[in-house]
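Quick notes on the structure that follows.
The values are calculated or read from the model by the stated rules, or taken from the named source; none is laboratory data. Values in this document were obtained by computation on a predicted structure and should not be read as measured data. Here the Cβ is made from the backbone with ideal geometry for all residues, glycine too, and neighbour counts use every protein chain on show. Calculation scope for accessible area: heavy atoms of the full protein, side chains included, ligands and nucleic acids excluded. Shrake-Rupley method; radii C 1.70, N 1.55, O 1.52, S 1.80 Å.
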Amino acid sequence: MFVIEDELHAEWQGEFQTRQLAITELRRRAMIPWNEMPNAAPCTSWVTCGRSYELVEFDDSTVPWKELSRALILEISASGVRWLADG
(Lines give C-alpha, C1' and ligand atoms only; values in the text may rest on other atoms or scores of the structure.)
Protein backbone atom coordinates (compact mmCIF):
# COMPACT_ATOMS: atom_id res chain seq x y z
CA MET A 1 0.00 0.00 0.00
CA PHE A 2 1.28 3.46 -0.89
CA VAL A 3 0.14 6.64 0.81
CA ILE A 4 0.71 10.22 -0.29
CA GLU A 5 1.27 12.30 2.82
CA ASP A 6 1.69 16.05 3.10
CA GLU A 7 4.54 15.95 5.59
CA LEU A 8 4.31 19.67 6.42
CA HIS A 9 0.71 19.36 7.61
CA ALA A 10 0.63 15.69 8.67
CA GLU A 11 -2.22 14.96 6.26
CA TRP A 12 -2.76 11.75 4.34
CA GLN A 13 -3.70 12.66 0.79
CA GLY A 14 -4.71 9.27 -0.55
CA GLU A 15 -4.03 5.53 -0.52
CA PHE A 16 -2.94 3.67 -3.66
CA GLN A 17 -2.43 -0.01 -4.42
CA THR A 18 0.71 0.60 -6.49
CA ARG A 19 3.58 3.07 -6.56
CA GLN A 20 2.75 3.92 -10.17
CA LEU A 21 -0.81 4.94 -9.25
CA ALA A 22 0.54 7.21 -6.49
CA ILE A 23 3.10 8.79 -8.85
CA THR A 24 0.34 9.36 -11.42
CA GLU A 25 -1.62 11.26 -8.78
CA LEU A 26 1.44 13.34 -7.88
CA ARG A 27 1.96 14.19 -11.56
CA ARG A 28 -1.67 15.33 -11.71
CA ARG A 29 -1.18 17.52 -8.64
CA ALA A 30 1.97 19.03 -10.10
CA MET A 31 -0.20 20.45 -12.89
CA ILE A 32 -2.60 22.15 -10.43
CA PRO A 33 -1.67 25.67 -9.21
CA TRP A 34 -0.28 25.88 -5.68
CA ASN A 35 -3.20 27.98 -4.45
CA GLU A 36 -5.96 25.64 -5.69
CA MET A 37 -7.24 22.48 -4.04
CA PRO A 38 -5.79 20.01 -3.32
CA ASN A 39 -2.52 21.97 -3.32
CA ALA A 40 -3.75 24.93 -1.26
CA ALA A 41 -2.29 24.45 2.20
CA PRO A 42 -4.80 24.14 5.05
CA CYS A 43 -2.99 26.52 7.42
CA THR A 44 -3.76 30.20 8.03
CA SER A 45 -0.44 31.17 6.44
CA TRP A 46 -1.29 29.27 3.26
CA VAL A 47 -0.10 32.15 1.03
CA THR A 48 3.49 31.61 2.18
CA CYS A 49 3.13 27.89 2.77
CA GLY A 50 2.81 24.95 0.40
CA ARG A 51 2.58 21.21 0.19
CA SER A 52 5.39 18.75 0.78
CA TYR A 53 4.28 15.39 -0.63
CA GLU A 54 5.96 12.23 0.61
CA LEU A 55 5.32 8.76 -0.72
CA VAL A 56 5.06 6.26 2.11
CA GLU A 57 5.04 2.52 1.51
CA PHE A 58 3.27 0.33 4.05
CA ASP A 59 2.88 -3.40 4.57
CA ASP A 60 -0.88 -3.42 5.01
CA SER A 61 -1.00 -7.13 5.83
CA THR A 62 -0.22 -6.30 9.46
CA VAL A 63 -2.25 -4.40 12.03
CA PRO A 64 -1.18 -1.74 12.56
CA TRP A 65 0.37 -1.19 9.14
CA LYS A 66 4.15 -1.38 9.10
CA GLU A 67 5.98 1.48 7.37
CA LEU A 68 8.49 0.12 4.86
CA SER A 69 9.82 3.27 3.22
CA ARG A 70 9.29 7.02 3.01
CA ALA A 71 10.57 9.47 0.40
CA LEU A 72 9.97 13.16 -0.21
CA ILE A 73 8.85 13.29 -3.84
CA LEU A 74 7.26 16.64 -4.61
CA GLU A 75 7.00 20.16 -3.18
CA ILE A 76 4.45 22.68 -4.43
CA SER A 77 4.38 26.31 -3.29
CA ALA A 78 4.18 29.87 -4.61
CA SER A 79 7.82 29.37 -5.66
CA GLY A 80 6.74 26.61 -8.04
CA VAL A 81 6.86 22.86 -8.40
CA ARG A 82 9.96 20.99 -7.29
CA TRP A 83 10.43 17.28 -7.94
CA LEU A 84 12.82 15.71 -5.46
CA ALA A 85 12.62 12.14 -6.72
CA ASP A 86 11.43 10.29 -9.79
CA GLY A 87 8.05 11.46 -10.90
Does Ala71 satisfy being within 13 Å of the chain's Cα centre (by Cα), outside any loop (DSSP other than H, G, I, E, B) and without any contact (Cβ under 8 Å) to a residue 40 or more places away in the chain?
yes
Filtering the range 5-16 for residues that are among the acidic types (Asp, Glu), open to solvent by 40 Å² or more (accessible area, probe 1.4 Å) and either at pLDDT 95 or above or over 27 Å from Ser45 (Cα atoms) (or both) leaves a count of 2
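Listed here are the residues, each with its yes/no results for (1) assigned to a strand (DSSP E or B); (2) without any contact (Cβ under 8 Å) to a residue 12 or more places away in the chain; (3) touching a strand residue (DSSP E or B) at 6+ places or on another chain (Cβ under 8 Å); (4) more than 18 Å from Ser77 (Cβ to Cβ).
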residue	(1), (2), (3), (4)
Leu21	no, no, yes, yes
Ala40	no, yes, no, no
Ser45	no, yes, no, no
Ser61	no, yes, no, yes
Being open to solvent by 20 Å² or more (accessible area, probe 1.4 Å) and not β-branched (Val, Ile, Thr) is the filter here, so list the residues in the range 32-51 that pass it.
Pro33, Trp34, Asn35, Glu36, Met37, Pro38, Pro42, Cys43, Ser45, Trp46, Cys49
Sort out which residues of the range 74-83 are open to solvent by 70 Å² or more (accessible area, probe 1.4 Å) and either touching a Gly at 6+ places or on another chain (Cβ under 7 Å) or not in a strand (DSSP E or B) (or both), and write them in order of number.
Ser79
One residue from Arg29, Arg19 being loosely packed, with under 14 Cβ neighbours inside 10 Å, of a type outside the set (Gly, Ala, Ser) and closer than 17 Å to Leu84 by Cβ
Arg19
What is the residue count in the range 35-56 for residues that are farther than 20 Å from Leu21 by Cβ and aromatic (Phe, Trp, Tyr)?
1
